[in-house]
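What follows draws every value from the coordinates through simple rules; no lab data is involved. Quantities reported herein were computed from a predicted structural model and do not represent experimental measurements. Note that we place each Cβ from the backbone using ideal geometry, even for glycine, and neighbour counts take in every protein chain shown.
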Amino acid sequence: MTEPIPQFPAGFRWGVATAAYQIEGATAEDGRGPSIWDTFSHQPDRISDGSTGDVACDHYHRYAQDVALMADLGVGVYRFSVAWPRIQPTGTGPANPKGIAFYDRLVDALLERGIAPAVTLFHWDLPQAVQDDGGWANRDTAARFGEYAEAVSDALGDRVAVWLTLNEPYVHLALGYVLGMHAPGLAGTRDLLPVVHHQLLGHGLAAAAVRRHPGARVGIANNYTPVWAVGPDGTRGSATDDDEVAAFVYDVLHNRVFTDPLLLGRYPDGIEMLSAGDADATVLDGDLAVIAAPLDVLGVNYYNPTGIGAPPSGVGVGGLPFELRQLTGYPVTGYGWPVVPDGLRELLVLLHERYAGVLPPIWITENGCAYGGSTVDDDRIAFLDGHLRALRSAMDAGVDVQAYCYWSLLDNWEWADGFSQRFGLVHVDYATQARTPRASFAWYRDLIARSPR
Ligand code: FCB
């Protein structure tokens, strides 16, 4: 029999995470404007099962039931995102009172159940009107995002303890502007530095807006991955020196481009690979100081390590000098993602060492797995068990981690994969919207109940 998971320290916070477009539905209600995900999901052949987020989990109408589920689970934190186009339907101008009212109701319902709201301000659903003006390639978007953050924090700042400005800017860049797999669906954008820099500047301006509220703690939720050089067979043993170089480059791109400026106040060497224009016209004097204002938390989203090798021709996707390689030798989730719990420990220790002295306390803002629809989900329980042990050992090694949010509370609309990937502790029947907690829900509830307060 395996040993029980060692206890987490008193005060450690357990939570779950979601995102607006993936659960809310009600996309044309109460004055909400269209987002880039509405546009994208309604285009032919963008989403694997042809679905959209028009209804999703209907959380907009069923939020009270979902909060009750969380209360039953016993979580102390709920990380959710605010849909910018509910607050500013065209991405500018005064806040839409009905949009604010929804999040007011949600926040109050959480607080009544003793659950602390952790709000993400941008989880990819940019107002379409902002994209029409260039999206994050346009510097104005950063300023608009700052104004939107001001409006949201003025409405909710008296009750929200933790704010995360952006969700996974790297993924938004890579899938939305390079690979065309996510909204806004652009492929092969040559000059990427503006999309990087304006997201970071938007973060800085939003962070400053939120900080006007006493007691607010501000961070960002980045996607991180241990980068492993692997040979064409997907094993580390067969990696060549060229593969190591490719992995080094990929690590800069995935893990450092959106973190060095925040924590070190400068871009990493190698940023030139993303710039096809005049970098000095993008990064203006003073910007990095705005971006590098100290963070109170660093949100870490971890799913799996990434296998990287040198492309045979020397040039890979987007003209960059690496290619992705499937890791071999590990079990995979229903999504085909390798299950490598120790990758979480490795990653946290790497961040701790890389940013020694400047790393804020970490919140695991996402970690989870998609499996089939069954409510008897031993595979998910094993995933959780393994990842929480790895998290605990990173903490034993000195990494300051304060919270863990499982992705996700509910099965939901998984972006380009529509309803085909189920990450929930709670099963959702999309025909009836019935919610059924899975075995993993009971497992997580027991773990939380056993943990010291
Ligand atoms: C992350 C996203 C989240 C969800 C999970 C599976 O990259 O932030 O919305 O899709 O992956």
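Results for (1) more than 16 Å from the ligand (Cβ to nearest atom); (2) touching an Asp or Glu at 6+ places or on another chain (Cβ under 8 Å); (3) more than 25 Å from ASP342 (Cβ to Cβ), shown as yes or no for each residue.
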{"site": "ASP154", "(1), (2), (3)": "yes, no, yes"}
{"site": "VAL160", "(1), (2), (3)": "yes, no, yes"}
{"site": "PRO169", "(1), (2), (3)": "no, no, yes"}
{"site": "HIS182", "(1), (2), (3)": "no, no, yes"}
{"site": "HIS197", "(1), (2), (3)": "yes, yes, yes"}
{"site": "ASN222", "(1), (2), (3)": "no, yes, no"}
{"site": "PRO232", "(1), (2), (3)": "yes, no, no"}
{"site": "ASP243", "(1), (2), (3)": "yes, no, no"}
{"site": "VAL252", "(1), (2), (3)": "yes, yes, no"}
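The set of residues in the stretch 366-386 that are within 14 Å of the ligand (Cβ to nearest atom) and not polar (S, T, N, Q) comprises GLU366, GLY368, CYS369, ALA370, TYR371, ARG380, PHE383.
Report whether or not ARG345 is within 16 Å of the ligand (Cβ to nearest atom), farther than 21 Å from TRP163 by Cα and among the basic types (Lys, Arg). So ARG345 does not fit the description; no.
Per-residue answers, yes or no, for (1) touching an Asp or Glu at 6+ places or on another chain (Cβ under 8 Å); (2) in a helix (DSSP H, G or I); (3) not aliphatic (A, V, I, L, M):
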site: TRP14; (1), (2), (3): no, no, yes
site: GLY31; (1), (2), (3): no, no, yes
site: SER51; (1), (2), (3): no, no, yes
site: CYS57; (1), (2), (3): yes, no, yes
site: ALA68; (1), (2), (3): no, yes, no
site: TYR78; (1), (2), (3): no, no, yes
site: THR90; (1), (2), (3): no, no, yes
site: PRO94; (1), (2), (3): no, no, yes
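Would you be able to say whether some residue in the stretch 310-328 is within 16 Å of the ligand (Cβ to nearest atom), in contact with a Ser or Thr (Cβ under 8 Å, 6 or more places away or on another chain) and either of a type in the set (Gly, Ala, Ser) or farther than 22 Å from ALA187 by Cβ (or both)?
The answer is no; no qualifying residue exists.
Is it true that some residue in the stretch 223-233 is closer than 25 Å to GLY357 by Cβ and among the aliphatic types (A, V, I, L, M)?
So far as the stretch 223-233 goes, yes, one or more of its residues are closer than 25 Å to GLY357 by Cβ and among the aliphatic types (A, V, I, L, M).
Exactly one condition in (1) under 30 Å from ASP400 (Cβ atoms); (2) touching a Cys at 6+ places or on another chain (Cβ under 7 Å) is false for GLN22; which is it? With (1) under 30 Å from ASP400 (Cβ atoms); (2) touching a Cys at 6+ places or on another chain (Cβ under 7 Å) applied to GLN22, the lone miss is (2).
Only one of the numbered conditions (1) outside any helix (DSSP H, G or I); (2) among the aliphatic types (A, V, I, L, M); (3) more than 21 Å from ASP30 (Cβ to Cβ) is not met by ALA142, and that is (1).
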